[in-house]
Amino acid sequence: MNIIAVLAAFVCGLPILAVAAIALGGGSTDYLRHLAETRLPTYLFHSAYVGLVASLTAAVIGTGLAWLTARCEFPGRKFFTWALILPLAVPAYVAAYAWLDLSQAGAPLDRMTLGLFPTVRGSWGSGLMFALVLYPYVYLLARNAFVGQSADAYDAARTLGASPLKAFWRTSLPMARPAIAAGMALVVMEALADYGTVAHLGSPTLSIGLIRAWSGAGSLLDAARLSLILVAFALIVFGLERHGRKRMRVQATSGKQRPARRFELSAPQAMLACLAAFLALFLSMILPLGRLAWRALREPMASGLAEASLNSLTVAGTAAVIATLVGLTTAYALRRKSVLGTAAARLAGVGYAVPGAVAAVGVIALLSGIQRWLDPTWESLTGNVFPILLTGTAGALVLAYLSRFVAAAISPCETALTRVTKALDGAARTLSASTRRRLLAVHLPLIAPGVASALILSFVEILKELPATMILRPFNFDTLAIMAHQFASDERLGEAAAPALLIPLIATLPMIFVARYLSATGENGASR
Amino acid sequence: MSRVELLSIHGARRAFTKDHAALERASLDLRAGEITALLGASGSGKSTLLRAVAGLEQLDTGEITADGVTWTGPKTFLAPEQRRVGLVFQDYALFPHMTAVENVAFGLTGTDRKSRALDQLRAVELEHKASQYPHELSGGEQQRVALARALAPRPGVVLLDEPFSGLDRRLRGDVRQRTMDVLRAAGTAVLFVTHDAEEALESADQLALMDAGRIIQHGAPQDVWFNPVSETAARLVGDVQVCATIVSQGRAALPIGSVASELDDNTPVTALVRPQGIGLTTEGTLNVTRITYSGPICVVSMEAEDGSSWTAQIPATETINIGDRVGATLNPAFVTLVTKN
């Protein structure tokens, strides 16, 4: 099993290696030189701008809501604790379609505010959209940090003369800082990987440049080089995230800790808390999805919607199942601490920092390389041309998905496996349980919820994925994301609304399970 | 600011659920310069009482006053940051993102806070670890930083919640000694919570016993040990054997001897007998059933003719075997008679 895990993880890491090989291998091209002199600084600037707006806004929303649900008591807190994770089911580009539609000149928000409400557009608009649907990353990590903090640090600050606000500012918040930073890094990585939102709102980021280089100039070499810049960008953020998580482990001091009791808020305070939590859901889900629903209902059903849904479900379902299997076996390899297994898992883990467009370029580079080698070999053997074009198949698409999202499956599986302690395994062994029985009777019940949420998370991520799908999809193969994007980029929002709406609708139900599972921490025994 | 001369807790009650009160009319006085140990089993309400004094816990009823100023009362509740109590937490609660000296300086104000924090660290002999982070310090060092942090703002009252329970047994005595020296030098009223009888008896000037949310006995440790007010009180501070009997002709008779009593004849009493108060003689009717050695001490379990079991603690130098028939002598100082009310 170890071998399979290593191989699978390695295959998932291959596309990014292929990108690097191509980018570093070829000579210089005019296009790239031209680009460096003209658009590249713009791409870099806007990528940084979008990332900054997205992560800072998400940090404020996510941290504030995390503090409210983790440490305060107010009516509806239990519901909001998990519901606040649900915006992850909404792709940022879907929020962008709705928000632009709501706020542009002559649209409802513009009219109602007599033109005061700014049109959601450009890099700040994109950043805002990312913040709205990606803040749950910060929320989840910060909430775990707040819940895990012993209340004693906060109390100690109080007895040492700090007011409640100062105690929060100087102890609770800094102690949660690594978690918040890790969440922000995830937001930035997702924002860098996005294509649909920045394309729709007109923010020229690196991934726009990458898609232009590929679809406009058709140059694999240039695309690969831009990819490498994008990956370098993302890897810096990825490194920061890893660093943050390491520090979190250091900060989780050992010893007996008293879980924090929640503050009872006064009636007006509780109203405000409720309102804040509701507002987050309203702005990220209710309002934009409501607008799209309104749009979709006034438009005849686009043809091909059923087929696109089926395609989306099929590729996302298949890729998610494979990703989870790879994730689970990799997590076992990690648990065994084999050097090769760890290396392969980390390589696959880097995939998360690789934007979809880059993964797609990597897959093309990889597969066309294999094809170039296969064609003459096959011809010399059979006298015919190799019958299959590897790129442009659903398989290529799934490989790109895997190389990007296996990481999203590995880490929940890894977390789930930590519940199976060495002592539990030892106990089962000394009671002479066979390997089969240990896996079925001990491991499976303990890891099942974690593995299920790995499956759902990767399914939802793949369902939302746009750029890699755009580059790699087989001819005439439409998914919901593709359909929505094509209509939206033709300014046919009415027709884009139905497929755009279907993605979050399909994703929300399984996400409720994940949300409830992920937010279960700190719910037991925290309030006496 | 000045230290608190007298801190009074009066009738403190606190219930977390309807049918269980963590504190039930608990009353206790703390005086400046005195170290009071609050001893009780886990769940007896010790920590709740301590947290109530610190202002981290409200009271349902009852009062806490410091030199006449109400901290917690029917209409008053002074915020913890305004009480100026120094609190050492069980897990120390050091801020993990601050160095030792930053931790100590947290409660200080003014431009010289850093140097005053260093002074305080010197007092606990940790000046050389000032720039280390909590996770780089050993358990004992963390405890001392926590103590320095609590003492640095010159608190009026110092509270310690099981301050030694996280430490290795061999370290504990030494750390405890040093902590008590530092606390005595500070001269404030000190309340420390513990479930370790030995620790309470050795370190405290005053001992308060807590059971089911109440203070059941309060006094000098020796006095509490020798004159417990009830079986529960006796058990909290050490081993004891219990025997019900009736006073007759000015004496209470037990299967292993008798002790004088000033109580009226025919009063039913419970005799609380410490194993240290039983001496053994070579002639008698007690059957030796078990012998346990613990270094210099030998614990002898015996059965009397009426079937009751007794335990004596004698020097391990005496020779005795299982199955021996022995007699007993009772040292009345180690026997307390309590009446059931």
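The values are calculated or read from the model by the stated rules, or taken from the named source; none is laboratory data. Remember, it's a predicted structure, so these values are computed and weren't measured experimentally. Note: ideal-geometry Cβ built from the backbone for every residue, glycine included; neighbour counts use all protein chains shown. Please note that ligands, DNA and RNA were not included when accessible areas were found on the heavy atoms of the full protein model with its side chains. Shrake-Rupley method; radii C 1.70, N 1.55, O 1.52, S 1.80 Å.
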Quick calc: nm separation of the 7 Å Cα→Cβ label points for B:ASP19 and A:ILE4 -> 5.3 nm
In chain A, taking the dipole from +1 charges on Lys and Arg beta carbons and -1 charges on Asp and Glu beta carbons about the Cα centre, the listed residue (A:ALA484, A:SER266, A:THR377) farthest towards the positive end is A:SER266
For the B:THR289, B:THR317 Cβ pair and Förster radius 22 Å, calculated FRET efficiency rounded to 0.05 is 0.55
Given unit charges at Cβ for Lys, Arg (+) and Asp, Glu (-), the dipole magnitude of region A:56-148 about its Cα centre in debye, nearest 20, is 220 debye
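Output the DSSP H helices from chain A with an along-axis C-alpha extent of no less than 20 Å and a mean Kyte-Doolittle hydropathy no less than -0.5.
A:2-25, A:40-71, A:122-148, A:173-193, A:220-251, A:267-281, A:305-335, A:356-382, A:394-417, A:444-464, A:493-518
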Chain A: relative contact order from alpha carbon pairs under 8 Å, six or more residues apart, as a whole percent, is 24 percent
With the 1.4 Å probe rolled over protein heavy atoms, the protein assembly as shown has an accessible area per residue in Å² of 44 Å²
Highest GNM mean-square fluctuation among B:TYR133, B:TYR293, B:TYR92, for chain B with Cα springs under 10 Å, belongs to B:TYR293
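Does chain A come out rounded, prolate or oblate by the C-alpha gyration tensor, with a ≥ b ≥ c the root eigenvalues, rounded set by a/c under 1.5 and, if not, prolate when a/b is larger than b/c and oblate if not?
Details: a/c = 1.71, a/b = 1.19, b/c = 1.44.
In terms of gyration-tensor shape, oblate.
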Rounded to a whole number, the mean other protein chain Cβ count within 10 angstrom for residues of B:93-105 is 5
Taking only protein heavy atoms and a 1.4 Å probe, the highest-to-lowest accessible-area order of A:LYS464, A:LYS78 is A:LYS78, A:LYS464
Taking protein heavy atoms only, a 1.4 Å probe, and rounding to whole percent, the accessible area of region B:241-339 owed to carbon and sulfur comes out at 49 percent
Highest GNM mean-square fluctuation among B:ARG84, B:ARG251, B:ARG51, for chain B with Cα springs under 10 Å, belongs to B:ARG251
Buried by partner chains in region A:141-166 (accessible area down by at least 20 Å² vs chain alone, 1.4 Å probe, heavy atoms, protein only) are A:ASP152, A:ALA153, A:ASP155, A:ALA156, A:ARG158, A:THR159, A:LEU160, A:GLY161
Taking protein heavy atoms only, a 1.4 Å probe, and rounding to whole percent, the accessible area of region B:1-75 owed to carbon and sulfur comes out at 48 percent
Relative contact order in percent for region B:241-339 (Cα pairs under 8 Å, 6+ apart) equals 33 percent
Between the alpha carbon centres of region B:189-205 and region B:2-71 the gap in Å comes to 16 Å
At R0 = 41 Å the Cβ-Cβ FRET efficiency linking A:ALA232 and A:LEU381, nearest 0.05, sits at 0.50
So, with points 7 Å from each Cα along the Cβ direction, the A:THR430-A:LEU509 label distance in nm works out to 4.7 nm
Summing -39500 (n - 2.57) over every DSSP H run of at least 4 residues in chain A and dividing by its residue count gives a helix-only mean residue ellipticity at 222 nm, to the nearest 500 deg cm²/dmol, of -24500 deg cm²/dmol
Between the modelled labels at A:LEU165 and B:ASP196 (7 Å from Cα along Cα→Cβ) the distance in nm is 4.3 nm
Here the percent of antiparallel bridges among DSSP beta bridges lying wholly in the protein assembly as shown, to the nearest 5, is 75 percent
Quick calc, the protein assembly as shown, dipole around Cα centre from Cβ unit charges on Lys, Arg (+) and Asp, Glu (-), nearest 20 debye, gives 1700 debye
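Quick one: of B:LYS18/B:LYS46; A:LYS166/B:LYS114; A:LYS78/A:LYS337, which pairs are farther than 28 Å apart, Cα to Cα?
As for pairs spanning more than 28 Å Cα to Cα, those are A:LYS78/A:LYS337.
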So, relative contact order of chain B in percent, Cα under 8 Å, 6 or more apart, is 17 percent
In region A:473-521 the accessible area split gives carbon plus sulfur, as whole percent at 1.4 Å, a share of 60 percent
Around A:SER163 (Cβ within 12 Å, Cβ-to-Cβ, excluding A:SER163; K/R +1, D/E -1) the net charge comes to +2
When chain B is treated as a Gaussian network with springs between alpha carbons less than 10 Å apart, the largest mean-square fluctuation among B:THR188, B:THR61, B:THR329 is found at B:THR329
Taking the alpha-carbon centre of each part, the distance from region A:276-297 to region B:143-183 in Å is 56 Å
On protein heavy atoms with a 1.4 Å probe, the accessible surface that disappears when B meets A, both sides summed and given to 100 Å², is 2200 Å²
